[in-house]
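Single-structure report; data block below.
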């Protein structure tokens, strides 16, 4: 299995030259001043355990309950399916012992106010034991997940505390694209189990796409014929398996929303029938497909059905949407659709799922006044499009639906994973798209809510010691702990980055690079226009499909940047670093390519350590290949791990004792390039 460790910084980092203000950071600075944490950071800093999401209200008390050598046993109102499942899942990952600790679970109608009652809970740990009180079984389940995170540390005890907790938004969801890349039922179950421990409560299951209709079809068996499929030719979810996944999720407080994408993303339909979905013949078949699916998958198991309606233009759009929504309603289902400027009109009865790319992401649909119907917000960016750190930053600093908390229209958010292109080894998908760290950030924000929109903050890490910088650093530490305690078998390609600080020479035309390089290497900073930057991952300007995010979002190709940082090592010797200079989109494959032998990128990237230029020691079988200047949607040549720096092993560099100065030169060749720098010290 592909694994990338989430590790803490080994080295001390010192500051470079004095900060100089640049026009591009004005928005970031103002947002850093206005962004506030939804909870008291001093309470989080004092927390003796790592919890994600962090509770709404928590009091830490002196004293600890000894747990070493003991097993939790649930008593009280635990007869329901969720609590029986919670008990089974806990015991499955725990070595049984003779000594036990009672967890008394109580359902109490007035335990919490009405607006906090659906999933809220009260967890108390003291000298008398552990109690969880809630209005609903879902609340008890959530309280037990918090307790499981406390227990997962492997310490001898857990702290006395009083936690009162509830979600700001009704739903915290994630999506897997099994239409383009089929995922096994066993793997989906594992992901659902882990997601439930983070209080995820919605699974958006994208079942059909260009390559195939991966759902059993009795009315039209040709839809399951391998000759009409372009990937995973022999892979089909039977209705029994779909019900199995839905039941498995429901037992863990997760609602499954299956997506049958239509009329777009349906090339398989054209191949199987010889005409398109939106034609009269096609709509007749669509009606029978929906009848069959809704008959096989009852409404009580599946109250919402997503029918896509995205990225397509048809002459009878209103009629098609009306036909499908009424068909779904006739089966007692609530319809759901994608909602951006490039999709079919959203039906009056449909839930909308907001999303966007390019200019849509810059003018995101997160303004609260735009939410006029029930909506999910997926405008924070897809996991497959952004690189790991930027994905986590965007979800951590932004507000779902542009609001501090949800209501009957602002339902929450869904983190989407779209590999698009063919993936041979499906185990690579979570690591290539940083699913778990992205999910943690999504859950943190949609559970906690937030008082201010930090839309610009992900473009550049906030200035050290500000409230957002402190909040993000504490969140990194919580992620690191859960990575070590609960996600040890999962790819987790995000590392703490807050301790790295840079001096950046602002972009200059590449034809002036020789003279500027000489000044940089000689330390003639007074002759250069510079600024301070924070975080191990620097984003100068991402690709247009992400909306040109970054520190220098208005800079065009044909410019070069230099960045320098000083790292202090306690002793001389080899130190491990994750190093990368482009983030290939796992969807459209735009990318500068695999570095040529000895090079750091195909764009002329150079690195100096203590004045000596470094040669890339890594050997690539695809050296100098796989540059994609344009889009390559749905292509059938799978990405190699060599193309994604964050799934590779760290690079060892020899550091001297004391200060070590890195200088990185990074040219901007073209908009196919995600222009930036990642230099992350890690340790085993």
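The values are calculated or read from the model by the stated rules, or taken from the named source; none is laboratory data. Remember, predicted model here, so these are calculated numbers, not experimental data. Note that we place each Cβ from the backbone using ideal geometry, even for glycine, and neighbour counts take in every protein chain shown.
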Inspect all residues belonging to region 333-340 and state whether any of them is farther than 23 Å from residue 294 by Cβ, under 26 Å from the mean Cα position of the chain (by Cα) and either outside any helix (DSSP H, G or I) or modelled with pLDDT of 90 or more (or both). yes
Would region 190-199 turn up any residue that is buried (at least 16 other Cβ atoms within 10 Å of the Cβ) and assigned to a loop (DSSP other than H, G, I, E, B)? yes
Quick check: anything in region 616-626 part of a strand (DSSP E or B), surrounded by 18 or more Cβ atoms within 10 Å (Cβ to Cβ) and modelled with pLDDT under 95? no
Can you pull out every residue in region 433-449 that is on the phi < 0 side of the Ramachandran plot and either out of contact with any strand residue (DSSP E or B) (no Cβ under 9 Å at 6 or more places or on another chain) or surrounded by fewer than 24 Cβ atoms within 10 Å (Cβ to Cβ) (or both)? 436, 437, 440, 444, 448
Taking the condition closer than 25 Å to residue 533 by Cβ, touching a strand residue (DSSP E or B) at 6+ places or on another chain (Cβ under 7 Å), modelled with pLDDT of 95 or more and in the same structural domain as residue 355 (by TED's automatic domain parsing), does residue 412 pass? no
Can you work out which of the residues in region 161-172 that are in contact with a helix residue (DSSP H, G or I) (Cβ under 9 Å, 6 or more places away or on another chain) and not in a loop (DSSP other than H, G, I, E, B) is farthest from residue 396 (Cα to Cα)? 161
Test residue 65 against the stated conditions and say whether it is surrounded by 17 or more Cβ atoms within 10 Å (Cβ to Cβ), over 33 Å from the mean Cα position of the chain (by Cα) and outside the structural domain of residue 250 (by TED's automatic domain parsing). yes
Among (1) over 30 Å from residue 466 (Cα atoms); (2) in contact with a helix residue (DSSP H, G or I) (Cβ under 7 Å, 6 or more places away or on another chain); (3) modelled with pLDDT under 95, where does residue 80 come up short? (3)
Would you check which residues across region 233-256 are outside any loop (DSSP other than H, G, I, E, B) and within 19 Å of residue 291 (Cβ to Cβ) and list them? 237, 239, 240, 242, 243, 246
Only one of (1) touching a helix residue (DSSP H, G or I) at 6+ places or on another chain (Cβ under 7 Å); (2) more than 30 Å from residue 637 (Cβ to Cβ); (3) surrounded by 20 or more Cβ atoms within 10 Å (Cβ to Cβ) fails for residue 296. Which number is that? (3)
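The rows are residues; the columns are (1) within 22 Å of residue 54 (Cβ to Cβ); (2) in contact (Cβ under 8 Å) with a residue 24 or more places away in the chain; (3) part of a strand (DSSP E or B).
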{"position": "140", "(1), (2), (3)": "yes, yes, no"}
{"position": "147", "(1), (2), (3)": "yes, yes, no"}
{"position": "159", "(1), (2), (3)": "yes, yes, yes"}
{"position": "181", "(1), (2), (3)": "no, yes, no"}
What number goes with the only condition from (1) assigned to a helix (DSSP H, G or I); (2) touching a residue at least 24 places away in the same chain (Cβ under 8 Å) that residue 282 does not pass? (2)
So in region 488-529, with the set limited to residues that are touching a strand residue (DSSP E or B) at 6+ places or on another chain (Cβ under 7 Å) and farther than 27 Å from residue 469 by Cβ, which one is surrounded by the most Cβ atoms within 10 Å (Cβ to Cβ)? 516
Considering residues that are within 16 Å of residue 668 (Cα to Cα) and in contact (Cβ under 8 Å) with a residue 60 or more places away in the chain, the number found within region 588-600 is 3
What number goes with the only condition from (1) buried (at least 19 other Cβ atoms within 10 Å of the Cβ); (2) touching a residue at least 60 places away in the same chain (Cβ under 8 Å) that residue 155 does not pass? (1)
Given the criterion crowded, with 21+ Cβ neighbours inside 10 Å, out of contact with any helix residue (DSSP H, G or I) (no Cβ under 7 Å at 6 or more places or on another chain) and on the phi > 0 side of the Ramachandran plot, identify the matching residue among 573, 593, 604. 593
The residue from 322, 348 that alone is at pLDDT 90 or above, surrounded by fewer than 24 Cβ atoms within 10 Å (Cβ to Cβ) and assigned to a helix (DSSP H, G or I) is 322
For region 66-93, give me each residue that is touching a residue at least 40 places away in the same chain (Cβ under 8 Å) and closer than 14 Å to residue 152 by Cα. 66, 67, 68, 72, 89, 90
Among (1) under 30 Å from residue 481 (Cα atoms); (2) assigned to a helix (DSSP H, G or I); (3) assigned by TED's automatic domain parsing to the domain that holds residue 419 - the single one residue 175 does not satisfy: (2)
Within region 113-128, can one find any residue that is in a strand (DSSP E or B) and farther than 16 Å from residue 54 by Cα? yes
Would you be able to say whether some residue in region 655-673 is within 20 Å of residue 432 (Cβ to Cβ), surrounded by 18 or more Cβ atoms within 10 Å (Cβ to Cβ) and in the same structural domain as residue 516 (by TED's automatic domain parsing)? yes
